[in-house]
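The values are calculated or read from the model by the stated rules, or taken from the named source; none is laboratory data. Note that this is a predicted model, so its numbers are computed, not measured. All Cβ positions, even for glycine, are placed from backbone atoms using ideal geometry, and neighbour counts span all protein chains on display. Heads up: the accessible areas ignore ligands, DNA and RNA and are worked out on the full protein's heavy atoms, side chains in. Shrake-Rupley method; radii C 1.70, N 1.55, O 1.52, S 1.80 Å.
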Amino acid sequence: MVTVQLSFVKKVKLLNNTKSKLTKEVLEYIIAYIVGESNHDLMRYVKYSFPSDTSQEGIYIIPSGFFDAEKYMIKEDFPNIQAVTVAGISALFGEGKMERHDEYIILYADIIATSFFLISRYEEYIRRDCRDVHGRFIGKESVLYRTGLLQEPILDQYGELIRKLLSDLGKTVINVSPGFNKILLTHDIDIPWTFPRGYFSKWKTVLKEQVAILLNRNKQYHQKRLYIIKGKISDPANTFDYFIEEDTKLKLIWGDIFDSLYFLMVCKKGEYDFGYIKEEERTKELVNKLQKNGAKFGIHISYQAGADSDKILKECKKYKDFMGENPKLSRYHYLMCREPEDFYKLMECGITDDFSCCYADGGGFRFGSCRPVRWIDPVAMKVTNLTMHPLFATEGKLCRKEYMGMSFDEAVRYLKQQIDKIKKYHGEVVVLFHNTSVSEDNEYKLREIYLEMVNYLRGIYNETDSHL
């Protein structure tokens, strides 16, 4: 026993001689997030240090050195980071081992550093050269993807383990009840209609489409446009009644747990931006229709503003002029939240919640959790007031070969599996389906995939007695 104590003393001295960048505010927030809101009174038993006195009870998470001043924010060989696993959980730092003693438990897997690494978007600060053609961080280059952890809510798994260990130490723990904190089916309005109002009445338009068909210039495309102009088929972009019908089914049973969110663009026309806000009357009609059916709105930040964050403030002012209130919710068009520090532009505009945190090249839990979390600034080392919501799937990435490349059955199975994981940890179901993606002739049958998901969520409600 004396030998063990001397070992601890040596480790404590080593730790005390190393200055850490980690602040008390950030550490306490991470521990509180892991143990869960119902167990905040047990936070004092979770310590990020070596045990200086072996008689002190609690869980000791051993620092891996991630926050050491001489190492912090120094570029590392991220692709070679290997996850460590212990007691059913994986971490990006530390060692895969745990020691159990009568009064205390030592966990060598550094779940604090891992949580910080993900919540802060630390990797994106360091790897500025890891961007795609649109300037977005490449998900398939991320540590989470490379270690096979992107599809797992590992921070929520940490909470489950810590609560179990606290219970093993004789503490009264309130465990998480299966269910959902929120179900948020979100829709980006990129292109609300195929043609501007009055376009159908122009005879030159009809003639132009007919000539293109006769010359066999992308005949199928122009034939479809002509049919829309003549009213033979409905506008494939106008699928809002479908969303209203299906989303209302969930609202009726889940009540306040469910929300249908739409993100509205207010920008001028650009290479990647439709610029529909210029038809103010028509856009207002659409907004009023959706709001009448219970929808909530946020701002859809344009591609242009994603590339130049100084334009975000102007768009938020235009949103306020149009909607009569400042935006509180946001999502970037093309998921163009390119640099972590751009989040400050959102907060400057009064935005409190962002729904952009999904890698643009695939789904998963980008910040390692299925629960909303406040972004941590890794440079200022502080917890900000911006809440990130766990967007785990975007419909456009599920089936296309260049992204996740799933078949219809695989996509449906994936959504159900992820929803089950979220249910286990009482998290948020946040998915994105565009109005243009659920047209009846969509080649990937995304309308049917959406219906499968809605029916699955209805089935979960019907099979359980506790919906909260």
Working from Cα positions, state the angle (0 to 90°, nearest 10) between the long axis of helix 2-16 and the longest principal axis of the chain. 50
Placed amide H near Ala393: partners under 5 Å, 5+ positions off or other chain: Gly364, Leu432
Trypsin sites (Lys or Arg not before Pro) in segment 75-182 lying in a DSSP loop, each with at most 16 other Cβ atoms within 10 Å of its Cβ, come to Lys75, Arg128, Lys171
Listed by chain and number, the residues whose amide H is under 5 Å from that of Cys370, excluding neighbours fewer than 5 places away on the same chain and using placed H, are Asp156
Please turn the phi angles of segment 90-97 into ³J(HN,Hα) values with the Karplus equation 6.51 cos²θ - 1.76 cosθ + 1.60 (θ = phi - 60°), one per residue in order, whole Hz, x for glycine and proline. 10, 9, 8, 9, x, 10, x, 8
Using only the heavy atoms of the protein chains and a 1.4 Å probe, how would Thr85, Thr384 rank by accessible area, largest first? Thr85, Thr384
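Want the number for Phe408 to Lys284: 0.36 nm per residue separation, take away the alpha-carbon distance, what's left?
41.1 nm
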Report Ser20's accessible area, 1.4 Å probe, all protein chains in place, as a number in Å² to the nearest 10. 70
Would you mind checking which residues have amide H under 5 Å from Gly36's amide H? H placed 1.01 Å from N; only 5 or more apart, or other chain. none
Defining a contact as two alpha carbons under 8 Å apart and six or more residues distant in sequence, what relative contact order in percent does the chain show? 17
With the dipole of segment 253-348 defined by +1 on each Lys or Arg Cβ and -1 on each Asp or Glu Cβ, the option from Gln291, Tyr319, Met347 whose Cα lies farthest towards the positive pole is Gln291
Quick one: how many Å² of Glu99 are accessible to a 1.4 Å probe, rounded to 10? 60
Need the list of aspartates and glutamates near Lys249 for cross-linking: C-alpha distance under 17 angstrom, and skip anything on the same chain fewer than eight residues off. Asp241, Asp259, Glu448, Glu452, Glu463
If you find the alpha carbon centre of segment 247-280 and of segment 122-145, how far apart are they in angstrom? 28
With a/c under 1.5 counting as rounded, go ahead and sort segment 354-423 into rounded, prolate or oblate using the C-alpha gyration tensor (a ≥ b ≥ c being the square roots of the eigenvalues; past the cut-off, prolate if a/b is larger than b/c, else oblate). prolate
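Between the DSSP loop rule and a limit of at most 10 other Cβ atoms within 10 Å, which GluC sites (Glu not before Pro) in segment 348-422 are left? All intermediate terms of the calculation are to be shown ahead of the outcome.
On the way: sites: Glu348, Glu395, Glu402, Glu410; in loops: Glu402.
Loop-located and lightly packed - Glu402.
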Greater than 23 Å apart at Cα, pairs in Lys75/Lys314; Lys97/Lys423; Lys296/Lys317: Lys75/Lys314; Lys97/Lys423
For the chain, what does -39500 (n - 2.57) per DSSP helix run (n ≥ 4), summed and divided by total residues, give at 222 nm, in deg cm²/dmol to the nearest 500? -11000 deg cm²/dmol
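Once you have the Cα-Cα distance between Tyr242 and Lys401, take 0.36 nm times their residue separation minus that, and quote the gain in nm to one decimal. Present the calculation step by step, with values, prior to reporting the outcome.
On the way: separation 159, 0.36 × 159 = 57.24 nm, distance 2.64 nm.
Working it through step by step, the gained length comes to 54.6 nm.
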Helix 446-463: inclination vs the chain longest Cα principal axis, degrees, rounded to 10, gives 50
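Give the shape of segment 266-311 as rounded, prolate or oblate, defined through the alpha-carbon gyration tensor: a ≥ b ≥ c are the square roots of its eigenvalues, a/c under 1.5 means rounded, and otherwise the shape is prolate if a/b is larger than b/c and oblate if not. Don't skip to the answer; put the middle values down first.
On the way: a/c = 3.41, a/b = 1.79, b/c = 1.91.
Oblate, since a/c reaches 1.5 and b/c is not below a/b.
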Inverse mean reciprocal Cα-Cα distance (Kirkwood Rh) of the chain, Å: 24.3
Principal-axis tilt of helix 240-254 within the chain, Cα atoms, nearest 10 degrees: 40
DSSP loop GluC sites (Glu not before Pro) in segment 288-345 with at most 11 other Cβ atoms within 10 Å of their Cβ, which ones? Glu325
Using a/c under 1.5 as the rounded threshold, could you call segment 60-194 rounded, prolate or oblate? The axes a ≥ b ≥ c are square roots of the C-alpha gyration tensor eigenvalues, and prolate needs a/b larger than b/c, oblate otherwise. oblate
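For Tyr48, Tyr450, write out the residues from largest to smallest accessible area, computed with a 1.4 angstrom probe and no ligands counted. Each step should come with its number before you reach the end.
Working: Tyr48 35, Tyr450 0 Å².
From most accessible down to least: Tyr48, Tyr450.
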